[in-house]
Amino acid sequence: MAEHGISTRLLRSWQRGAHPSRAKLEAVDRAYQERRKDNLVRSGALKRLLDNEGRGRRIEIYPVDQTTVEEKRRRPEVSERSVQARYVWDDIITDLDSDYAAYAYVGSTGIGAQGKP
């Protein structure tokens with residue numbers, strides 16, 4: 001929390017009913033999302049979510065936006081893909097066949113998946 005500018009004092013005053021500023025609320029939200037992301041991976045919950053009791057889960061892979069990349073350095077156009085994921089990224093990209101190299105190096109991934117209701 002301290003890394004995001006959230007002090008113990010702020011937390012105590014919030015518990016007493018004070019209303020933090022918009023900036024502080026955004027800092028709390030960033031800290032929460034960062035911790036949640038770390039815990040999701042470390043706990044194995046992400047792997048279980050993708051595995052879906054052996055059935056896997058359909059995920060979509062979108063190419064990186066290359067509009068700001070100098071023309072001569074752009075990679076060939078890469079299309080969006082939809083795959084059935086069960087395990088980890090290396091397992092997913094090997095299923096992409098000839099497009100493997102186009103998806104092997106990514107800047108980031110985002111996963112939006114709905115668990116059991």
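The values are calculated or read from the model by the stated rules, or taken from the named source; none is laboratory data. In this text the structure is predicted, and so the values were computed from the model without any measurement. Here Cβ is always computed from backbone atoms with ideal geometry, including for glycine, and neighbour counts include all displayed protein chains. Heavy atoms of the whole protein, side chains included, go into the accessibility calculation; ligands, DNA and RNA do not. Shrake-Rupley method; radii C 1.70, N 1.55, O 1.52, S 1.80 Å.
Among residues other than TRP14 with Cβ under 15 Å from its Cβ, the summed charge is +3 (Lys and Arg +1, Asp and Glu -1).
Computed from label points 7 Å out along Cα-Cβ, the spacing between ARG48 and MET1 is 2.6 nm.
Ranked from largest to smallest solvent-accessible area, with a 1.4 Å probe on the protein heavy atoms, LYS72, LYS47 come out as LYS72, LYS47.
I want to make sure I understand the PRE zone here: with the label point 7 angstrom from the Cα of SER79 toward its beta carbon, which residues in the range 36-68 have backbone N atoms less than 16 Å away? Once the point is set 7 Å along Cα→Cβ of SER79, 60-64 turn out to lie under 16 Å by backbone N, inside the range 36-68.
Computed about its Cα centre, the charge dipole of the range 1-89 is approximately 400 debye, with only Lys, Arg, Asp and Glu carrying charge at their Cβ. Taking amide H positions as modeled 1.01 Å from N, with prolines and chain starts lacking one, the residues under 5 Å from ILE61 and 5 or more places away or on another chain are ARG81, SER82, VAL83. Solvent-accessible surface of protein heavy atoms, probed at 1.4 angstrom with all chains present, puts ARG30, ARG16 in the order ARG16, ARG30, largest first. Can you bin the range 13-73 into rounded, prolate or oblate? Criterion: square roots of the alpha carbon gyration tensor eigenvalues sorted a ≥ b ≥ c, rounded for a/c under 1.5, prolate for a/b above b/c, oblate for the rest. Verdict is oblate for the range 13-73. Remark on ILE6: its backbone amide H falls under 5 Å from none of the residues 5 or more positions apart or on other chains, H modelled at 1.01 Å from N.
A Förster distance of 25 Å, applied to the separation of the beta-carbon atoms of ASP29 and GLN66, puts the FRET efficiency at 0.25.
Counting only other residues whose beta carbon sits under 14 Å from that of ASN39, what net charge do I get with K and R as +1, D and E as -1? Taking every other residue near ASN39 into account, the sum is +4.
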